[in-house]
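Visitor: Structure provided below as structure tokens; questions to follow.
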Amino acid sequence: MKLVEIVFDLPLDRTFDYLAGRWAGQLQPGCRVRVPFGPRSAIGWVVGEKEVEKAVYRYRTISRLYDRQSLLTSELLELCRYLAWRYCASLGQVLATITAGFSLTYPAGKKSSPERKDNQPSPENNLFSTTAVPAGETTFFLYGKQHQRNQYLLSLASASSGSCLFLFPETRAASCFHHFLAGYFPDRTVFFHGELPGSLRLKLWHRLMTEKNLFLVGTRLGVFAPLTDLSLICLDEPEHPGYQERRQPRYETTEIASWRARKLGAGLVLTEGCLSLSHYHAISSGQARLSVASQVLLRARVRVIPWQRASRRQLLTFLTEEAIACLEETVLKGQRLAILHHRKGSFRLISCKNCDHCFPCPDCALPMVPLEKTKSLACRFCGQNFPLPEKCPACGSKKIIWRGTGLHNILQSLKKAYPHLEIATVTAEEKMPSNPSAQIFLGTLALEEIMEEIAPALLLIPAADAFLNLPDYRSEERFFCLVNRCRQKMPPEATVLLQTYNPGLPLFQSLVANNDQLFYEKELQLRRQLAYPPFTTLLKIEIETRPEKKLDKQRRVLEELFSRCQMEPVYNGPGYPPVIRKHYRWKYLFKLASLENLKRLRPASEMPEVSLTFNPVEM
DNA sequence: AATAAACTGTTG
DNA sequence: AACAGTTTATTC
């Protein structure tokens with residue numbers, strides 16, 4: 001008896017067998033079908049077929065076939081199996097991720113693939129030098145300004161034979177590059193990302209599968225593009241958190257790109273503003289090549305100002321005398337300056353001076369934040385609101401102190417100190433400042449995106465330590481890369497000013513000396529000693545369930561599994577936050593020396609309340 | 001994951 | 001017994 005193997009978007013690592021019925025002969029692996037499944041019907045993916053002697057079950061019959069042709073190439077099917085293993089997900093979950101949001105129906109009417117005429121850049125456009133990338137090799141390209149990256153990618157595109165993939169961490173960045181590239185290759189360039197409507201995604205998908213010599217520009221989902229003649233994969237800012245999928249399977253785009261490049265013998269090019277530590281390690285250990293844009297070495301200089309407790313001005317408490325002098329000098333010269341701070345809003349938290357009560361959320365157990373606008377106390381995890389308290393509920397004291405400095409405070413005191421200056425604020429919510437003629441640009445990390453446009457003569461980071469005191473082993477590395485990226489986007493004669501309580505840190509020495517290697521080597525040494533990436537792989541396993549009793553039970557189940565696998569967590573404790581919307585959370589962290597035993601974690605990934613994340617962006 | 005069946009405990 | 005609320009097994 002001939003049976004068709006089908007998988008579903010469920011955390012079940014197995015196939016279900018069906019009879020082909022009237023679809024016999026048309027069912028290729030990678031086709032979507034509708035089948036009766038228990039008391040309901042479900043959409044599944046065909047993954048194979050098999051022959052059995054006698055029926056073990058009462059097999060049911062496929063009721064509908066959605067795809068005439070498979071949505072996947074054989075290479076992608078193999079990639080799916082790798083993904084399922086690598087991220088402890090079911091094959092169905094992987095397939096659902098790749099074909100997520102595709103419409104089930106095809107547009108009516110005949111599609112005629114238009115004949116492309118102009119595939120090569122016209123001579124007048126061909127001013128750039130062409131650069132070839134060795135097949136099957138990984139190359140890092142360091143750039144300062146965006147046009148350097150664009151120019152480099154364009155030269156790669158021109159030199160390529162076959163299709164190329166250009167991936168970006170955000171739709172906006174992808175869209176910008178798409179415009180740029182489509183200016184040279186209007187007929188070969190395709191824009192693909194997860195926000196497109198399902199019918200268009202399906203149509204584009206079909207085009208990618210049938211045509212050759214295409215340039216696909218897209219976001220992380222584009223890494224699965226079914227291109228059959230892929231010769232080059234480029235990823236911009238590969239360490240950007242936008243590349244990590246948030247749902248199961250939580251794949252890392254760079255890892256998939258690397259798998260495909262190796263499999264197909266294609267080139268892999270990673271372009272970034274500053275090498276991450278693991279990339280530096282890959283290069284220094286000979287696994288990858290480095291190529292540098294000539295202007296990268298012309299970076300804005302960095303100065304570090306140590307905090308001295310005594311000398312604080314009344315109005316500008318967040319600046320040292322030295323920083324104030326620099327600020328005023330820049331302003332007097334009529335130059336622009338940017339101030340980077342990691343907290344937006346006004347205050348971070350309030351606490352009772354008497355008993356240190358810090359007003360935790362009744363459901364989430366972590367301190368709530370005061371919101372000045374609505375005069376309320378809000379939980380940033382569940383969004384609950386309460387009126388601002390007059391007195392401490394624990395001890396009754398009326399002495400409630402406000403702590404922490406936010407962007408808003410800085411704005412207020414700057415306005416007071418310099419009433420005549422125009423100040424623009426830049427946050428993730430309002431990226432483009434309303435007054436682009438401002439002299440001071442005050443913002444959070446979102447400032448980096450428009451750093452090239454404002455081109456400030458001075459970048460001031462008043463609380464550099466605040467970036468480093470985060471509970472994450474990568475905080476120094478991230479700050480180092482952030483500063484380096486910013487200084488490359490600024491004019492080369494500009495200055496970056498950092499205020500810190502720890503001027504002696506190798507991080508700062510390295511920045512001031514403009515010697516990246518100094519920081520990388522120190523940090524690598526530390527990572528090796530503490531068995532952190534790139535020398536291990538981190539795995540975060542989290543439980544989130546409703547009644548506390550259930551959490552205890554699942555903890556016991558997991559911990560038994562861990563001891564069977566001889567896996568010792570380096571962290572075993574409440575999640576952050578420990579409770580969210582009355583759901584209790586528990587967290588385990590592992591440092592995996594190898595990925596050999598991933599299969600044994602299967603039982604954990606089949607529990608719907610348990611989630612697995614490798615190398616999590618947030619610990 | 002979605003569903004149904006089995007199993008609780010509470011209450012009149 | 002009737003009911004709601006919760007846990008457990010099943011899906012080819």
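Visitor: So which residues in the range A:272-298 are touching a helix residue (DSSP H, G or I) at 6+ places or on another chain (Cβ under 7 Å), hydroxyl-bearing (Ser, Thr, Tyr) and not in a helix (DSSP H, G or I), if there are any at all?
Guide: Of everything in the range A:272-298, just one residue is touching a helix residue (DSSP H, G or I) at 6+ places or on another chain (Cβ under 7 Å), hydroxyl-bearing (Ser, Thr, Tyr) and not in a helix (DSSP H, G or I), namely A:SER276.
Visitor: Of the conditions (1) hydroxyl-bearing (Ser, Thr, Tyr); (2) more than 23 Å from A:PRO249 (Cα to Cα); (3) within 13 Å of DNA strand C (Cβ to nearest atom); (4) in contact (Cβ under 8 Å) with a residue 40 or more places away in the chain, A:TYR106 clears all except one; give me its number.
Guide: Result: A:TYR106 passes all but (3).
Visitor: Looking only at the range A:1-38, count every residue that is in a loop (DSSP other than H, G, I, E, B), under 15 Å from A:GLN93 (Cα atoms) and near DNA strand C (Cβ under 8 Å from one of its atoms) and tell me the total.
Guide: Going through the range A:1-38 one residue at a time, the tally reaches 4.
Visitor: Considering only the range A:395-468, give the strands (runs of 3 or more DSSP E) lying wholly within it that have at least 3 residues that are at pLDDT 95 or above and in contact with a helix residue (DSSP H, G or I) (Cβ under 8 Å, 6 or more places away or on another chain).
Guide: A:458-461
Per-residue answers, yes or no, for (1) assigned to a strand (DSSP E or B); (2) within 16 Å of DNA strand B (Cβ to nearest atom); (3) on the phi < 0 side of the Ramachandran plot:
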{"site": "A:LYS591", "(1), (2), (3)": "yes, no, yes"}
{"site": "A:LEU595", "(1), (2), (3)": "no, no, yes"}
{"site": "A:ARG600", "(1), (2), (3)": "no, no, yes"}
{"site": "A:PRO603", "(1), (2), (3)": "no, yes, yes"}
{"site": "A:MET607", "(1), (2), (3)": "no, yes, yes"}
{"site": "A:LEU612", "(1), (2), (3)": "yes, yes, yes"}
{"site": "A:MET619", "(1), (2), (3)": "no, no, yes"}
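Visitor: Check A:LEU268 against each of (1) crowded, with 23+ Cβ neighbours inside 10 Å; (2) assigned to a loop (DSSP other than H, G, I, E, B) and name the one condition it does not meet.
Guide: Here A:LEU268 meets the rest and fails (2).
Visitor: Now, a different point. Counting only residues that are within 16 Å of DNA strand B (Cβ to nearest atom) and exposed (fewer than 15 other Cβ atoms within 10 Å of the Cβ), which one in the range A:8-22 is farthest from A:ALA100 (Cα to Cα)?
Guide: My answer is A:ARG14.
Visitor: Go through (1) part of a loop (DSSP other than H, G, I, E, B); (2) open to solvent by 70 Å² or more (accessible area, probe 1.4 Å); (3) within 16 Å of DNA strand C (Cβ to nearest atom); (4) not charged (D, E, K, R) and name the single condition A:VAL557 misses.
Guide: Of everything listed in (1) part of a loop (DSSP other than H, G, I, E, B); (2) open to solvent by 70 Å² or more (accessible area, probe 1.4 Å); (3) within 16 Å of DNA strand C (Cβ to nearest atom); (4) not charged (D, E, K, R), A:VAL557 misses just condition (1).
Visitor: All but one of (1) open to solvent by 40 Å² or more (accessible area, probe 1.4 Å); (2) closer than 14 Å to A:PHE141 by Cβ hold for A:CYS234; state the number of the condition that does not hold.
Guide: Just one mismatch for A:CYS234, condition (1).
Visitor: Please work out which one of (1) within 12 Å of DNA strand C (Cβ to nearest atom); (2) in a loop (DSSP other than H, G, I, E, B); (3) within 15 Å of A:LEU104 (Cα to Cα) is the condition A:GLY44 fails and give its number.
Guide: For A:GLY44, the failing item is (2).
Visitor: Sticking with this structure for a sec: Before we move on, is A:LEU27 closer than 30 Å to A:LEU539 by Cβ and open to solvent by less than 60 Å² (accessible area, probe 1.4 Å)?
Guide: no
Visitor: Which of the residues spanning the range A:365-394 are surrounded by fewer than 13 Cβ atoms within 10 Å (Cβ to Cβ) and not basic (Lys, Arg)?
Guide: Listed by number, the residues that qualify are A:THR374, A:GLY383, A:ASN385, A:PRO387, A:GLU390, A:PRO393.
Visitor: Select, from A:SER74, A:SER63, the only residue that is at pLDDT 95 or above, open to solvent by 80 Å² or more (accessible area, probe 1.4 Å) and either more than 15 Å from A:LEU95 (Cβ to Cβ) or away from DNA strand B (no atom under 16 Å from the Cβ) (or both).
Guide: The conditions single out A:SER74.
Visitor: Looking at A:LEU167, A:LEU153, can you tell me which residue is within 20 Å of the chain's Cα centre (by Cα) and modelled with pLDDT of 95 or more?
Guide: A:LEU167
Visitor: Assess whether A:GLY25 counts as being touching a residue at least 24 places away in the same chain (Cβ under 8 Å), away from DNA strand B (no atom under 16 Å from the Cβ) and small (Gly, Ala, Ser).
Guide: no
Visitor: Out of all the residues in the range A:536-552, is one or more at pLDDT 95 or above and in contact with a helix residue (DSSP H, G or I) (Cβ under 6 Å, 6 or more places away or on another chain)?
Guide: no
Visitor: Can you tell me how many residues within the range A:40-60 are small (Gly, Ala, Ser) and more than 15 Å from DNA strand B (Cβ to nearest atom)?
Guide: 2
The values are calculated or read from the model by the stated rules, or taken from the named source; none is laboratory data. This structure is a prediction, so every number in the text was calculated from the model and none was measured. Virtual Cβ from ideal backbone geometry, glycine too; neighbours counted across all protein chains shown. For the accessible areas, the whole protein counts, side chains as well, though only heavy atoms, and no ligand, DNA or RNA atoms are used. Shrake-Rupley method; radii C 1.70, N 1.55, O 1.52, S 1.80 Å.
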